1. Given labels modelled 7 Å from the Cα in the Cβ direction, how far is it in nm from Gln114 to Val320?
2. Keeping every protein chain present and rolling a 1.4 Å probe, give me the accessible area per residue for the chain in Å².
3. Rounded to the nearest percent, how much of the accessible area of the stretch 32-121 (1.4 Å probe, protein heavy atoms only) is carbon and sulfur?
4. So what's the back-of-envelope 222 nm ellipticity for the chain, counting only DSSP H runs of four-plus at -39500 (n - 2.57) apiece and dividing by all residues, rounded to 500?
5. Once you have the Cα-Cα distance between Glu60 and Ile289, take 0.36 nm times their residue separation minus that, and quote the gain in nm to one decimal.
6. Give the accessible area for Asp89 in Å² (nearest 10); use a 1.4 Å probe, count only protein heavy atoms, and leave out ligands, DNA and RNA.
7. Report the gain in length on full extension from Glu179 to Ser146: 0.36 nm times residue separation, minus Cα-Cα distance, nm rounded to one decimal.
8. With a 10 Å cut-off between alpha carbons and a GNM built on the chain, which of Lys162, Lys207, Lys112 moves the most?
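The values are calculated or read from the model by the stated rules, or taken from the named source; none is laboratory data. Everything quoted here is computed from the prediction, not taken from an experiment. Glycine gets a Cβ as well: all are built from the backbone with ideal geometry, and neighbour counts include every protein chain shown. With ligands, DNA and RNA removed, areas are computed over all heavy atoms of the protein, side chains included. Shrake-Rupley method; radii C 1.70, N 1.55, O 1.52, S 1.80 Å.
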Amino acid sequence: MIEKYLHKSNMQIFTALWFILAFLSQISFLSPQIFAKENTVVIVQSQQIAAYNEAIKGFEEGIKGKNISIDAIYNLNGDADEGKRIIQDIKDSKHKPDLVLAVGILAATLVKEQFTDTPIIFCMVINHKRFNLEGTNITGISSEVSVEDQFTILKELLGARKNVGVIYDPAKTGNIVSEADRVTKKLEFNFIKKEVASESEVAPALKNMIDKIDALWMIPDSTVITKTSLNAISKTLLEHHLPIFCTSDAIVKAGALVSVSPDYVYTGRQAARMAQTLLSNPATTSLGIKQPDKLKLTLNTQTAEIIGINLTSFQSHPDVVLYP
């Protein structure tokens, strides 16, 4: 009887030990997912504008379920001095972020100065090459659509119109225009260029070329694109029934015909994928500068009607936004 009891007891102990070992084995197998430290990200945006908010929204969507959380979102309000103080506070915090997402040029330049050993991802920076946003810990998403992509779409849109003008400041956008020289020759455009060094030279440059062009290509050049000059350019081109082609949907809303620009929400999602790659591979500190994964066309239907351009072939495109 005792032997039978002991045998039964031993069997119960053996069974219990088997279940414990099996459970421990499962825990050991799953522990990286269950107990892995959650990675924290701090987001710094240059200022509160719709495009930046869309990118941040995309990032928030992209990190869901990826063991990444946003510790805080800081808005620099376009103030460099206030921005420096905020960035320093983040750097001095006891709970340092595992990665910093910088949205906009002010945020990107200040974060680069202060964080030399923390992975940084920047986005929504126009003409990023001008600002030397490179480093062993810096990854970025270009806000420029490739020049070839822009002129390929322009060729489809304009058809037989071949004379394209551009007004630019060589000190700011000479590199973009140099690239366009190569592309326009390849796509058989007649490229008409006017250099300016100040805003006051923009109107005379436009007057000099207006009768020679079929379209004006506007690039992100702060000498050329100001509130005053933009209004004057839009008015002049409409009066001559000529289209403006650009890379900013804000300029389309001001009267340009079409813009080719990154999809801002998708840019945020792309940044989220980059963050996941960097945080899951600590030995990798930079992924370099990448082109945006997804583009969108914004078309001004009122402008198209005024200047007599048929947008039918573009309106059914899945990545087209019609304004108004």
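1. Between Gln114 and Val320, the simple spin-label model gives 4.5 nm.
2. Value for the chain: 53 Å² per residue.
3. 48
4. Taken over the chain, the calculation gives -15000 deg cm²/dmol.
5. Going from the current span to full extension adds 80.4 nm.
6. 80
7. 10.9 nm
8. Lys207
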